[in-house]
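Every number here is computed from the coordinates shown, using simple stated rules; none is lab data. This structure is a prediction, so every number in the text was calculated from the model and none was measured. All Cβ positions, glycine included, derive from the backbone under ideal geometry; neighbour counts span all protein chains shown.
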Amino acid sequence: MGASADDDSDFPDDFCGFLQRCVANVDAAELLLTLFKYPERAWQPRELSAQLTPIASLSEAEVLRVLEAFQNCALVARDAEQRVRYRPSPAHDSHLATLARLYVERPVTLFRMIYALRDSKINTFADAFKLWR
């Protein structure tokens, strides 16, 4: 993986892969950590937007986009009223515990990694469209 922290045991390849697949930016990480912190609670998107207001500025539409990405990664479940909650699983719980720890212990490095992995993904996608001579 091009943006992995090769010599950093806090950022193993499987965790970096999880970030690259499921956590597009820091706001998404904060939203996911909120869901993880309250796994028994079912949230309306506007409630999540309001909950994050002091630390992130996500509109309800942005929250919906992030939740759709989480659903594609099987991180959340929706109920009949379209409320969402974190969907526990052993693999996800391990990654979320790592994310929560790094968010507190090494936030700058974590944020840089999230954006480096996203940029790596964008560059890989763009490279697929380059014309080779």
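What does the charge count near L58 come to, summing +1 for each Lys or Arg and -1 for each Asp or Glu among other residues with Cβ under 10 Å from its Cβ?
Working: positive: R65; negative: D27, E30, E60, E62.
Result for the neighbourhood of L58: -3.
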Which whole-number percent of Cα pairs in the range 42-112 have a distance greater than 15 Å?
-> 62 percent
Kindly list the residues of the range 29-45 that lie in the label zone of E60, defined by a backbone N under 14 Å from the point 7 Å along the Cα-to-C-beta vector.
-> 44-45
³J(HN,Hα) across the range 9-24 via Karplus (A = 6.51, B = -1.76, C = 1.60, θ = phi - 60°), whole Hz, x for Gly/Pro?
-> 5, 6, 10, x, 4, 5, 5, 4, x, 4, 4, 5, 6, 10, 10, 6
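Taking R0 as 35 Å, what's the FRET efficiency between F111 and Q44 from their Cβ-Cβ distance, rounded to 0.05? Working shown, then result.
Working: r = 27 Å, r/R0 = 0.78.
The pair F111/Q44 has a calculated efficiency of 0.80.
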Between V76 and residues 5 or more places away or on another chain, the pairs with built amide H atoms under 5 Å apart involve Q71, R87
